[in-house]
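The values are calculated or read from the model by the stated rules, or taken from the named source; none is laboratory data. Computed from a predicted model, the values in this text were never measured in an experiment. Virtual Cβ from ideal backbone geometry, glycine too; neighbours counted across all protein chains shown. With ligands, DNA and RNA removed, areas are computed over all heavy atoms of the protein, side chains included. Shrake-Rupley method; radii C 1.70, N 1.55, O 1.52, S 1.80 Å.
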Amino acid sequence: MLQYHLLLLPLLMLPWAGWTQAAFVTPRVGGPRSYGDGRKYRVGVPFYSSIDEVDSPIYTTASRSRRRGESHMMVFDFIRKRAEEGIQQVQNIATKTAEGKFVEALGDTASYVKKRQEIDAENLAKLQEGLAKSRQRLMGDLDVIFGVSEDVGLTKTLDKLEEVLMMSDIGAATTGEIIDDLRMVAKAEKLEPDDVKSVLRLRLIEALTAKDRSMQLKKEASAGNGKSYPRVLFVIGANGMGKTTTIGKIASRLKNEANQSVLVAACDTFRAAAVDQLEEWTVRAGVDIHRPGEGQTKPAPVLEEAISKAIEGDYDVLIVDTSGRLSNNVALNEELKKLKRTIAEGIPGGPHETLLVLDGAVGRNGVDQAKVWNREVGITGLVITKLDGTARGGVVVSIVRDVGVPVKLIGVGEGIDDLRDFNPEDFVDALLGYEPEQVLALEARLQDMVQGKLIKPKGGVIVRSEGGGSDKNMDADDITDRMRRKVQGRGGQGGSSSQRGGGKGGKSGGGKKKRR
Ligand SMILES: Nc1nc2c(ncn2[C@@H]2O[C@H](COP(=O)(O)OP(=O)(O)OP(=O)(O)O)[C@@H](O)[C@H]2O)c(=O)[nH]1
Ligand SMILES: [Mg+2]
């Protein structure tokens, strides 16, 4: 009997494999679909989980992870806590099974899985809530078009669609692609609202998925002297974009989700209240701060001291806050370059991430700012803040596409927990207001278009007949069943907020902000 239970262990480990996988980048394969000819196929959009995959894309059904109730890919590359939780669960099962309490172990596992699913569902709900204004604007306009399209004909419908997409800030390149696709689709058959929705979804996810979004923050010994140095996160951006707030949120996640020791360098020596504001956040996050000394008004010496302290104190991560500035201020950009050099001189390979923080409400101006900073200072990722209050969420698509830098994190509120890993499919579905059942139907529709060679997902399409992989025993009914359970699971998310832990940050930082 015991041996029989132990045989089941690998099966029970699958859910955690999903979570820990997040940290170790695993190829993702979409669920199969049945067709009239009796065969099953897999098809979908490219989902690059790491830069290594970009040359050999794995295609997946876009909403696969959500349908299976798996956690979404995490941006941080070493979410140790989740991995540890998984290991603890496995140990718990092994111990209880050996004690003959197999059923109890199963119960523990089920409640753990449920808790993680609730947290994921809550994250998704928050994103959907945050993007409500953007969604109402875009989808409201699309519905109006379809309400009158019968009367005006295809050309006018496409013209109007183009106008709406341009107005939604997703940018000319993506809009052009979508309209071209729809022209192809409409040539063969009538343009249905679901055609538009499927194509829109595909192209938006593609535009947002093309770059690696992981953050390489794992502390490693330097090749040269074997000594280990902290990883450095350098945070820049214009005034009031949300840099300091984002640093507080990141510090909290690194500390609480990944067990990292964090030192924050208060290098905004320009604004009087900036250091105190940052300190409030470090207290909330439970991490350390290095403050400028009395009379220190230049950021570089403060940074040098912080670097020494971070090395001596053996911190895992050093996060550098900087003062807000306009992207066209040459002198202040020189200051940023100097800070970056200071980091590079003090810490091998640093800064490991240079994050530009942009307020989602700035719309297309954000693209121009990001381009300048990418050229002048060099950025590795974007954080888009305040997506909870803007109708311009679509701008994220044009920023990624035009600047060529991935969005890694998004801010969806002022609280310490309101920083999310950026997940393209969640973002697009929240932006377009698609529910899981609808996504399934739209993916099937898209598949038909791909099969009919009306649409070509970027990088080519892999359509494999069923022959292996973890889904080989799943058919359309299984998928529907999973969906139903997933949707039902969402209904019960109300009480889960306490499980997120951590209090709300609230508004912080006093002092009137000066624009430089
Ligand atoms: N609603 C919402 N507000 C946010 C978000 N991120 C930041 N804020 C708010 O934006 C305001 C400015 O945030 P800060 O973190 O001070 O911005 P900053 O870039 O550090 O500003 P400077 O230091 O002056 O350049 C604060 O009131 C924050 O609470 C977000 O994701 N959502
Ligand atoms: Mg600040």
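Go through segment 335-351 residue by residue and tally those that are within 15 Å of ligand 1 (Cβ to nearest atom) and either assigned to a strand (DSSP E or B) or open to solvent by 10 Å² or more (accessible area, probe 1.4 Å) (or both).
Start the filter on segment 335-351 by keeping residues that are within 15 Å of ligand 1 (Cβ to nearest atom), which leaves 335-336, 339.
Adding the requirement that they be either assigned to a strand (DSSP E or B) or open to solvent by 10 Å² or more (accessible area, probe 1.4 Å) (or both) leaves 335.
Residues flagged as within 15 Å of ligand 1 (Cβ to nearest atom) and either assigned to a strand (DSSP E or B) or open to solvent by 10 Å² or more (accessible area, probe 1.4 Å) (or both) within segment 335-351 amount to 1.
Quick one: how many residues across segment 283-293 are closer than 13 Å to Leu254 by Cβ and either within 13 Å of ligand 2 (Cβ to nearest atom) or among the small types (Gly, Ala, Ser) (or both)? Don't jump to the end; show me each part of the working.
Going through segment 283-293, the residues closer than 13 Å to Leu254 by Cβ turn out to be 285-288.
Filter once more, keeping what is either within 13 Å of ligand 2 (Cβ to nearest atom) or among the small types (Gly, Ala, Ser) (or both): 285-286.
Total satisfying the criteria: 2.
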Are there any pairs, at least 6 apart or on different chains, whose C-beta atoms fall under 6 Å, with the first in segment 352-378 and in a strand (DSSP E or B) and the second at pLDDT 95 or above and charged (D, E, K, R), and if so, which? Val357/Lys243
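Looking at Asp321, Asp417, Asp314, which is the one that is within 16 Å of ligand 2 (Cβ to nearest atom) and over 23 Å from Gly171 (Cβ atoms)? Even if it seems obvious, please write down each step before you answer.
Numbers: Asp417 fails: within 16 Å of ligand 2 (Cβ to nearest atom); Asp314 fails: within 16 Å of ligand 2 (Cβ to nearest atom).
After ruling out the rest, the residue left standing is Asp321.
Every residue, every condition in (1) modelled with pLDDT of 95 or more; (2) more than 10 Å from ligand 2 (Cβ to nearest atom); (3) surrounded by fewer than 23 Cβ atoms within 10 Å (Cβ to Cβ), yes or no:
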| residue | (1), (2), (3) |
| --- | --- |
| Arg231 | no, yes, no |
| Arg253 | no, yes, no |
| Glu257 | no, yes, yes |
| Val264 | yes, yes, no |
Of a type in the set (D, E, K, R) and at pLDDT 70 or above - does that describe any residue in segment 88-98? yes
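Please go through segment 95-105 and pick out each residue that is open to solvent by less than 40 Å² (accessible area, probe 1.4 Å) and under 36 Å from the mean Cα position of the chain (by Cα). Don't jump to the end; show me each part of the working.
Start the filter on segment 95-105 by keeping residues that are open to solvent by less than 40 Å² (accessible area, probe 1.4 Å), which leaves 96-97, 102, 105.
Of everything in segment 95-105, just one residue is open to solvent by less than 40 Å² (accessible area, probe 1.4 Å) and under 36 Å from the mean Cα position of the chain (by Cα), namely Ala105.
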Quick one: Gly286 ticks every box in (1) open to solvent by 20 Å² or more (accessible area, probe 1.4 Å); (2) touching a His at 6+ places or on another chain (Cβ under 9 Å) bar one, so which box is it? (2)
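Only one of Ala310, Ala361, Ala306, Ala272 is over 26 Å from the mean Cα position of the chain (by Cα) and open to solvent by 10 Å² or more (accessible area, probe 1.4 Å). Can you tell me which? Spell out how you get there, then give the answer.
Values: Ala310 fails: open to solvent by 10 Å² or more (accessible area, probe 1.4 Å); Ala361 fails: over 26 Å from the mean Cα position of the chain (by Cα); Ala306 fails: open to solvent by 10 Å² or more (accessible area, probe 1.4 Å).
Answer to the check: Ala272.
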For Thr354, indicate whether it is within 21 Å of the chain's Cα centre (by Cα), over 16 Å from Arg401 (Cα atoms) and away from ligand 1 (no atom under 13 Å from the Cβ). yes
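Just to confirm my filter: which strands (runs of 3 or more DSSP E) fall fully inside segment 225-334 and include at least 2 residues that are within 16 Å of ligand 1 (Cβ to nearest atom)? It would help to see each step written out before you state the result.
On the way: elements: 231-236, 262-267, 288-290, 317-322.
Ranges flagged: 231-236, 262-267, 317-322.
Please verify whether Ile145 is surrounded by 17 or more Cβ atoms within 10 Å (Cβ to Cβ) and at pLDDT below 85, treating the condition exactly as stated.
Values: surrounded by 17 or more Cβ atoms within 10 Å (Cβ to Cβ): yes; at pLDDT below 85: yes.
Criteria met by Ile145.
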